[in-house]
1. Apply the Debye scattering formula to the range A:187-301, with a single equal point scatterer on each alpha-carbon and no solvent, then give log10 I(q)/I(0) at q = 0.23 Å⁻¹.
2. For the range A:5-296, what relative contact order do you get, as a whole percent, if you take Cα pairs closer than 8 Å and at least 6 residues apart?
3. Starting from the exponent 0.38 and prefactor 2.2 Å, build the expected Rg for the range B:129-263 from its residue count and divide its actual Cα Rg by it.
4. When Cβ neighbours within 10 Å are restricted to other protein chains, what is their mean count per residue of peptide A:289-296?
5. What Kirkwood Rh does the range B:51-192 have if only Cα atoms enter the pairwise 1/r average? Answer in Å.
6. Which far-off residues, 5 or more places away or on another chain, put their amide H under 5 Å from the one on B:K5, with H placed in the peptide plane?
7. Under a crude label model (7 Å from the Cα following the beta-carbon direction), how far is B:Y135 from B:E93 in nanometres?
8. Quick one: what Rg and Dmax do you get for the range A:12-90 from the alpha carbons, in Å?
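Here, each number is a calculation from the coordinates, and none is a lab measurement. Note that the structure is a prediction, hence the values are computed from the model and not measured. Note that we place each Cβ from the backbone using ideal geometry, even for glycine, and neighbour counts take in every protein chain shown.
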Number of protein chains: 2
Amino acid sequence: MTKVKIVEVGLRDGLQNETTNLTVNQRFDLLAKLIDAGVKNFEIGAFVSAEWVPQMAVTSKLVKKYLTSPLNKKEFSASVLVPNEKGMLQAIEAGVKEVAIFGACSETFSKKNINCTIDESFERFEAVMKLAKKYKIKVRGYLSTCFGCPFEGRISENKVVELAKRMNDLGVYEISIGDTIGIANAGQVQSVFKKLLKVIPANKLAGHFHDTRGQALVNIFAAYEIGIRTFDSSIAGLGGCPYAPGATGNVATEDVVFMFEGMDVQTNLDLKKLVKTHRWLQPKMDHLLSSKVGRIGLGKL
Amino acid sequence: MTKVKIVEVGLRDGLQNETTNLTVNQRFDLLAKLIDAGVKNFEIGAFVSAEWVPQMAVTSKLVKKYLTSPLNKKEFSASVLVPNEKGMLQAIEAGVKEVAIFGACSETFSKKNINCTIDESFERFEAVMKLAKKYKIKVRGYLSTCFGCPFEGRISENKVVELAKRMNDLGVYEISIGDTIGIANAGQVQSVFKKLLKVIPANKLAGHFHDTRGQALVNIFAAYEIGIRTFDSSIAGLGGCPYAPGATGNVATEDVVFMFEGMDVQTNLDLKKLVKTHRWLQPKMDHLLSSKVGRIGLGKL
């Protein structure tokens, strides 16, 4: 039976773009529910400036609570985003076993989002990788704006391949190819991933799609069809209010699982429990959560 | 270049499930905008009991306005739904050149929705077809609940094939295979359409998907991949408030066009004009329209 790996990004990429600031305990309860639903690969938070990203300020407390709890299991892939050496040192001190680095394919987006050029971001990654090697910490790579940039428009496919290869050469175990502004279409997704597959094996690539234009699920399907087996998703579609103009919600975990399980592709996630988690989460948030499966439920399946 | 045919169902299947009752003039303006955006295949309304479906009460006025206007072109496929002989006689009187009939794959749904058994519905269709032949009126067939029923759950694939064939044998020019409650997944869609393609040619089949669980676009893509080239969609996703529990919105025309045009599949529709139409429509409706492309816009494409 075919399998896919789902990486749950709700607690980092999701919450980071929400206005509701959940408490450490609420985040921990959410994580417990996700793990109970079968989630094994997840982001916990980010060691970034609390001034720049107030949503991630509780990360060290949440990490501590998780690592000292019975939830913590060796086989889990539990990562924290680190933007630079400083964040990496925090991660080491906190005792995390996995981190994620984050780069962009657009110079303008890189400067506006992580405040450095693409080359400078790779210098930062090298410092992080050096520490990762020393402390035996796994590193996942995010490459953002791979299909379009809000400032530069369409991104050259060759540039995506070049930067993904450069990230791969750093020694990350997986590279998540991101449609940060949700502008990719199925044709473009297959075209970009086909080029990537020529230089990076499928088991080191992941698809990270935002549903800004309703295309996330079809883009996942399109990538799946050409051999990609790892996808990022966010419980309930956390990551952007669907009412706000320019909202960029992540694709919802339960919508992705609904599709794959229906296709007899194993996710090892419990769809009913994911829907329950959506409904537990809804009253805590300040807007209608975007997952349609979560809202409507499974019906008479 | 590959082409698809998009059938615009916003004025019938869409509005029928909205609470806002647009005036004849508003509907006519909407139709004019759709035609300006390149729409050539569309539903205008339904000749059904105004008591049962108040939203369709203005159909005869709208049909008259359209038929006597410069919008009316011979090459357009402009259809009106007729549930039975009585509706068909109204259609003939009104001078329409195309009608649609509507059946179901679930006995319970058929009884609850069109108030007769499946066999009785086919008797009604035969009466309609007889008149259609006499008056040289084209007939399109809708087969609903092909993937799941709110009362009976999953529908047998063989039953769908049997009923589609039965509808085809009646002499309809196209059969629209409907996921009425938006519960289909991509695997099921390919499985059902593969079976259908064994008995009915691709150019006589259409896919009609509702986005209740966010799966409509991926289901269209899945059907496209195995050779289906006609799809129903509704401007802005008209057809059900996304806030209401159990809402069953149609897939939005602009989201479908965004996908296909991105894949270099020709729709002959103007995406910018469709987005403009969404925005013209939004203030007239009582809830946020569901199309994400319409809400967010095209970005720097």
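1. With one equal scatterer per Cα and no solvent, log10 I(q)/I(0) is -1.27.
2. On the way: 573 pairs, mean separation 54.7, N = 292.
The value is 19 percent.
3. On the way: Rg = 14.9 Å, N = 135, 2.2 N^0.38 = 14.2 Å.
Normalised by 2.2 N^0.38 Å, the Cα Rg of the range B:129-263 equals 1.05.
4. Averaged over the peptide's residues, the number is 6.
5. Values: mean 1/r = 0.0624 Å⁻¹.
One decimal place: 16.0 Å for the Kirkwood radius.
6. The answer is B:T230, B:F231.
7. Distance between label points: 1.0 nm.
8. 12.2, 34
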